[in-house]
Amino acid sequence: TAFMAVRGFAGGQKRPVPPQETSTIFNRELKRQHRSRAARHEDHSHYEYLREYATNSIFDRLQDVRKEFPSVAELGCGSGHLRRLLKSRQDIKTFFQCDTAPEYLTSGPSWDAPQIENETCVPLLIDDEFLPFAPKSLDLIISTLHLHWVNDLPGVFHQIFNALKPDGVFIGVMFGGNTLHELRSSFALGEQERVGGISAHVSPLVSVSDVGNLLSRAEFTMPTVDLDTLQVPYPDAFTLMEHLRGMGESNAVLLSREVVDRETILASAALYHALFGTADGKIPATFELVNMIAWSPDPSQQQPLRRGTAEFSMKSLAAETNSSLVGEIQEDSEKEDIPTPRGPPSTRTTKP
């Protein structure tokens, strides 16, 4: 399952564990294998509805940015949804399609992006924790549902910032902290009941405030972060797990259990249905999408005025606004014969 571990149920494969530092949370090599397996799946398009939704959201936001982007890089390009959407743009001259899975960058069932006139498309096999771009070389960097698997998110934000030209744009979507909370709760209860303990079946995910703070810390200007919450219905928990696997979102947390036994999975699936099942017999799965856009600093951008240069005081503005509102209320009360609202009664002290 995505962000989730049911590999024991799927065959109990051994996970290769490279040398890790104490701060490492995810097994990056295992995650690459998950994405490669998803890319090789014959019905890969059947599982890409969340990526398509996120890609469409990014495309809509880019339409609102009145700026040309001659050089573009997409981190986690997958099967090329975004490039197909951007084929109508004439300003893109170089498009770097980057992914950690080589199957997404070669001919195969998942590589069906069309050739675009006057555009150079460069496929890059990367480790997205160590970006290969030169400083100030890109006009636009995009990340679609990919950054939630990096171990050093602040470091990656800094690398993206360094790779952008002045007034360059970073725009991305990643899963947020409330994603799959139903699955997380069900596995916690099922494992506690069957095994007597809890392990990490859902990867740690960021909150909206975390993303905003990290973008600001990376020295981006005008960072904007918002939230999109989707609820997708599934027939049962096993179908949800199958879809997560097909998305390439299986669990890669280093400290999770190597194998989840059958009894724990069955108990968790039953609890999922009992706690969250709907009247039509299905179960909902929540996916929280954190949308972000931020800019590389440039003198042409709007800047805050120097402290003390304001021409109006907030105090006088508030007083004028309050007096105008009181006047409107009085006019309405005279028309409708409603008593004029009074302020709070004064406190009076009476002697005994």
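Okay, here's what the table says:
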{"quantity": "Amide H contacts of Leu180 (H built 1.01 Å from N, under 5 Å, at least 5 apart or other chain)", "calculated": "Thr286, Phe287, Glu288"}
{"quantity": "5 angstrom amide H check on Glu48, placed H, neighbours 5+ away", "calculated": "none"}
{"quantity": "Residue-wise HN-Hα coupling along segment 290-304, computed from phi with Karplus coefficients 6.51, -1.76, 1.60 (Hz; x: Gly, Pro)", "calculated": "9, 9, 9, 8, 8, 10, 7, x, 7, x, 6, 6, 4, 10, x"}
{"quantity": "Long-range HN-HN contacts of Ser143 with modeled amide H, under 5 Å", "calculated": "Leu75, Ile171, Gly172, Val173"}
{"quantity": "Computed E for Lys282/Lys93 - FRET, C-beta separation, R0 51 angstrom, nearest 0.05", "calculated": "0.65"}
{"quantity": "At R0 = 56 Å, FRET efficiency that the Cβ-Cβ distance of Thr239 and Thr309 yields, to 0.05", "calculated": "0.40"}
{"quantity": "R0 of 45 Å, Cβ-Cβ distance Ala274-Thr106: FRET efficiency to nearest 0.05", "calculated": "0.50"}
{"quantity": "Gain on full stretching of the segment that runs from Asp64 to Asp226 - 0.36 nm per residue minus C-alpha separation", "calculated": "56.7 nm"}
{"quantity": "Distance between modelled label sites at Ser207 and Gln302, nm, 7 Å Cα→Cβ extension", "calculated": "2.9 nm"}
{"quantity": "Extension gain (nm, one decimal) between Asn322 and Leu266, 0.36 nm per residue minus Cα-Cα", "calculated": "14.0 nm"}
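Since every read-out is calculated from the coordinates, none of them should be taken as a lab result. The structure displayed is predicted, hence computed values, not measured ones. Positions of Cβ are backbone-derived with ideal geometry, glycine not excepted, and every protein chain shown enters the neighbour counts.
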